[in-house]
Amino acid sequence: MKRFIKSAVGFSAVFAFSLLCIVNPADAQDPEKPLLSRKRLESIKDRAVTPASGGLSSRRTAEKFAVLLPSRIVNFAEAVKGKKVDAAGRTFEGNADVDAQCTYLVIAALAAAGAKPGDFTDQKNYVWGKLQRRKMGRVGVSGALFVIAHGDIIQFEGCRFEKKDANGRVVQWFDMLHHTAIVKSATGTSVVLLHQNAPEGGPVNEVTLDLAWKTSGTYKVYTPVPK
């Protein structure tokens with residue numbers, strides 16, 4: 001009986017995630033029509049596997065859930081690459097004329113993954129979970145202040161990043177004045193980010209950025225936590 005219950009729970013989790021990746025071809029023809037309706041999103045959230053309360057078994061479940069949380073967040077963002085996510089968490093074609101702020105992607109990803117939502121009490125200091133304060137610990141490298149991992153959220157404020165060639169000339173730059181992004185992967189100070197509205201009005205896309213290129217501004221790294 002226990003094996004049956006575990007199998008049923010596992011199937012529900014797989015089925016719930018699979019719904020995120022299904023797009024009706026008829027819907028895709030209309031860029032203004034949400035690819036995932038509010039009802040569909042609520043259905044997915046209802047099927048999400050979340051840790052129960054109380055007891056050793058629930059603690060182990062919670063620990064396992066926390067380990068899987070980063071992948072759930074990244075998988076959601078990967079599934080909507082090239083699309084736009086609005087304030088209600090609905091997805092649209094990349095050329096749709098909808099309001100798709102950078103935070104909307106992160107909010108939807110956290111909700112789909114079963115993580116605590118962001119805290120916007122201070123409009124100048126968004127909080128996305130546990131603030132990471134540890135140093136990178138990489139000798140000779142400046143610019144990266146935190147240990148950064150897959151599934152983390154970076155909040156940029158007034159940042160400019162400049163890549164320079166051997167002669168010191170700027171060959172590439174990024175301005176992130178008030179921007180939020182999901183970390184897909186990190187190696188040293190180099191991070192691969194999943195974000196939207198960058199450039200302004202753009203759909204979900206992927207970019208590689210070296211945090212050591214920072215010339216101005218600040219950023220904070222948060223690790224999302226389960227609900």
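The values are calculated or read from the model by the stated rules, or taken from the named source; none is laboratory data. These numbers were taken from a predicted model, which means no experiment stands behind them. When we count neighbours, we look across all protein chains shown, and the Cβ atoms used for this are built from the backbone with ideal geometry, even at glycine.
Looking at 122, 97, which one is modelled with pLDDT under 95 and surrounded by fewer than 22 Cβ atoms within 10 Å (Cβ to Cβ)? Steps first, please.
On the way: 97 fails: modelled with pLDDT under 95.
Just a single option satisfies the conditions, and that option is 122.
Name the single residue, out of those in region 140-157 being among the β-branched types (Val, Ile, Thr) and out of contact with any helix residue (DSSP H, G or I) (no Cβ under 7 Å at 6 or more places or on another chain), that is modelled with the highest pLDDT.
Within region 140-157, the subset among the β-branched types (Val, Ile, Thr) is 141, 147-148, 153-154.
Checking which are out of contact with any helix residue (DSSP H, G or I) (no Cβ under 7 Å at 6 or more places or on another chain) leaves us with 147-148, 154.
Values: 147: 76, 148: 88, 154: 96.
The selected residue is 154.
Could you count how many residues in region 69-102 are in contact with a Gly (Cβ under 7 Å, 6 or more places away or on another chain) and hydroxyl-bearing (Ser, Thr, Tyr)?
Total satisfying the criteria: 1.
Before we move on, is residue 137 at pLDDT below 95, in a loop (DSSP other than H, G, I, E, B) and not assigned by TED's automatic domain parsing to the domain that holds residue 77?
Working: at pLDDT below 95: yes; in a loop (DSSP other than H, G, I, E, B): yes; not assigned by TED's automatic domain parsing to the domain that holds residue 77: yes.
Yes; evaluated as a whole, the condition is true for this residue.
Any chance you could count how many residues in region 145-189 are in contact (Cβ under 8 Å) with a residue 40 or more places away in the chain and polar (S, T, N, Q)?
Here the count works out to 3.
What's the number of the condition residue 160 fails, among (1) farther than 17 Å from residue 206 by Cα; (2) part of a loop (DSSP other than H, G, I, E, B); (3) modelled with pLDDT of 95 or more; (4) not polar (S, T, N, Q)?
The number of the failed condition is (2).
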